[in-house]
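The values are calculated or read from the model by the stated rules, or taken from the named source; none is laboratory data. The model shown is predicted, which means the values in this text are computed figures rather than measured ones. Glycine also receives a Cβ, built like all others from the backbone with ideal geometry; neighbour counts cover every protein chain displayed.
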Amino acid sequence: MSQINHILQTQGGDILHAIGQHIGLSLISLLIAAVIAIPVAILLMHHDRWAKVMLQITSILQTIPSLALLGILIPIVGIGTVPSIIALVIYAVMPIFQNTYAGLTTIDPNLEEAATAFGLSRRMKLFRIELPLALPMIISGIRIATVMIIGTATLAALIGAGGLGTYILLGIETNNNALLIIGAVLSAILALVFGAAIDWLGKLSFKKAGIILMTLVVLIGGFAGYRKLANPQTTITVAGKLGSEPEILINMYKDLIEHDHPNIKVTTKANFGATSFLFKALQSGSVDIYPEFTGTVLESLVKGEKSASHDPAKTYQTAKTALKSQFQMAYLKPMKYQNGYDLAVTKQFAQKYHVKTISDLVAVEDKVHAGFDPDFHQQKDGYPGLSQAYGLKFASVKTMEPSIRYKAIANGKVNLVDGYTTDPEVQEYHLVVLKDDKAFFPPYQGAPLMTEKLLTAHPELRTTLNKLAGKVTTTDMQKMNYQVSVKHQKAATVARDYLRSHGLLD
């Protein structure tokens, strides 16, 4: 509870912003789904065959896993808010359509005949008899859709749409139960509040309920339009992957750009998602800049190019050339630190067996009980290649999730783990990182990645962002990650403090 209170106190503004994003996504998706489903149900209420076809289609769409649906949408509409809303609408259409259709088609036939006998037109009968009688069922469908939307909207964080899912994903990524609880509990509270509001809406007359819904549509649309018109500045979107480190870097980019160029407004999108999501977002124009690592470029993004050298400078040049020729991307100069793989042991283990390098493990390999990330345990640039290069064969190797392996070494369940050179847990648990004395692990230096088109339009960005070239040591980044991940300081504050202390900001 103390950790939750600390996060609420130090990140209250960010949490409110995430709640606002979640509400915005949910409301927009719900309104669009209602605007689609209710009229379609009205049109098909006297066409049973077509209504059944519609129900089958919406049922099939709802069975598609949400992650798969987002993956299908990304190549078509890009990444961010738009695919998230489309996916949420697809999931919400079925319950609204189903309940609306059921409400309209189960009205007492005697009432229908009486309305016809009194000479009511088709339109008058719909608005005065059928829709008011079907309203409880319609409201029930909207309530079901609302709960579904709010729950599914947490996945929007995976593709950079923000919302409370950001805290849930971060909690899972960093094994931080406080973040996980905050995201989950607030999502549940939103579902309860929205459900209560819809119940209240259902008690109103059909006319009043319609007016309120139309007012919401106008207000949301008007606010979105106002934001577009009220912000004539050039806006650049800088995004980062999941975790504290990318969030620190994108805030550094933001501060430097806005300091040097007051006419440019920078929007940051932290915890945007995985590498493939971000790169596609950059290609589609959903984001303008994001920090990427040289090794990742060669291993995952470009074709036919692999790091032939363990020299960081050569690896960067290879990555830069490949990005420009294959994707028309500009890759600016990298920072000093590397966020590559490493092996770490406890201080006690290092002192007892005089272990300082990975080669030193050969003499004590029968005493090593390792805990590895599943990817590291299988990849060529992980344990299989490492054991071959160094001639290692440990006493036991267990695979476990990244966030758990550090807990395991802290609790004495294992005595060696893989990790990344800038992980804050190295400082938190007082671990000793072993020197890769045979230079097995490829270089992973971070640098700003953007399109050539953006750099041509704003050549001043090169000079500004290159101020970070050769700066930020591995120790610097470890300390900053520790302040954000463990001490729960704001990434923006930590980034600004670094820039000021190193003379990069006034």
All positions within segment 318-366 that are modelled with pLDDT of 95 or more, under 27 Å from the mean Cα position of the chain (by Cα) and in a strand (DSSP E or B): MET329, ALA330, TYR331
Of the conditions (1) under 19 Å from GLU428 (Cα atoms); (2) at pLDDT 90 or above; (3) in contact with a Ser or Thr (Cβ under 7 Å, 6 or more places away or on another chain), GLY412 satisfies every one except a single condition; which number is it? (3)
Segment 270-293, residues that are crowded, with 22+ Cβ neighbours inside 10 Å, within 21 Å of GLY163 (Cβ to Cβ) and of a type in the set (A, V, I, L, M, F, W, C): ALA270, PHE272, PHE277, LEU278, ALA281, VAL287
Can you run down the residue pairs with Cβ atoms below 6 Å, 6 or more apart or on separate chains, where the first is in segment 141-163 and under 25 Å from THR268 (Cβ atoms) and in contact (Cβ under 8 Å) with a residue 12 or more places away in the chain and the partner is of a type in the set (Val, Ile, Thr) and crowded, with 22+ Cβ neighbours inside 10 Å? ALA157/THR166; ILE159/ILE79; GLY160/ILE79
When the residues of segment 438-474 are narrowed to those that are basic (Lys, Arg) and outside any helix (DSSP H, G or I), which ends up nearest to SER286 (Cα to Cα)? LYS471
Unique residue being under 28 Å from LEU499 (Cα atoms) and at pLDDT below 80 when the list is THR174, THR235, THR166: THR174
Top-ranked residue in segment 328-379 [being surrounded by fewer than 16 Cβ atoms within 10 Å (Cβ to Cβ) and touching a strand residue (DSSP E or B) at 6+ places or on another chain (Cβ under 8 Å); ranked as farthest from TYR316 (Cα to Cα)]: LYS347
Can you run down the residue pairs with Cβ atoms below 7 Å, 6 or more apart or on separate chains, where the first is in segment 104-118 and more than 21 Å from ILE38 (Cα to Cα) and the partner is surrounded by 10 or more Cβ atoms within 10 Å (Cβ to Cβ)? LEU111/ILE129; ALA115/LYS125; ALA115/ILE129
Just checking, how many residues over segment 412-430 are of a type in the set (Gly, Ala, Ser) and either surrounded by 17 or more Cβ atoms within 10 Å (Cβ to Cβ) or over 23 Å from PHE394 (Cα atoms) (or both)? 1
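This table checks each residue for (1) outside the structural domain of GLU247 (by TED's automatic domain parsing); (2) among the hydroxyl-bearing types (Ser, Thr, Tyr); (3) within 30 Å of HIS430 (Cβ to Cβ); (4) at pLDDT 95 or above.
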position	(1), (2), (3), (4)
LEU449	no, no, no, yes
LEU468	no, no, yes, yes
THR475	no, yes, yes, no
GLN478	no, no, yes, no
GLN483	no, no, yes, no
VAL486	no, no, yes, no
GLN489	no, no, yes, no
THR493	no, yes, yes, no
ASP506	yes, no, no, no
Identify, from the list GLY119, GLY183, GLY162, GLY171, the residue that is closer than 22 Å to LEU16 by Cβ, surrounded by fewer than 22 Cβ atoms within 10 Å (Cβ to Cβ) and small (Gly, Ala, Ser). GLY171
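Conditions tested, residue by residue: (1) among the β-branched types (Val, Ile, Thr); (2) assigned to a helix (DSSP H, G or I); (3) outside the structural domain of MET214 (by TED's automatic domain parsing); (4) over 18 Å from ILE198 (Cα atoms).
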position	(1), (2), (3), (4)
ILE23	yes, yes, no, no
HIS46	no, no, no, yes
ILE60	yes, yes, no, yes
LEU70	no, yes, no, yes
VAL89	yes, yes, no, no
MET94	no, yes, no, no
PHE97	no, yes, no, no
Only one of VAL77, VAL53 that is in contact with a helix residue (DSSP H, G or I) (Cβ under 6 Å, 6 or more places away or on another chain), of a type in the set (A, V, I, L, M, F, W, C) and outside the structural domain of LYS280 (by TED's automatic domain parsing): VAL77
Can you tell me which condition ILE86 does not meet? The list is (1) touching a residue at least 60 places away in the same chain (Cβ under 8 Å); (2) under 41 Å from the mean Cα position of the chain (by Cα); (3) surrounded by fewer than 24 Cβ atoms within 10 Å (Cβ to Cβ), and all the others hold. (1)
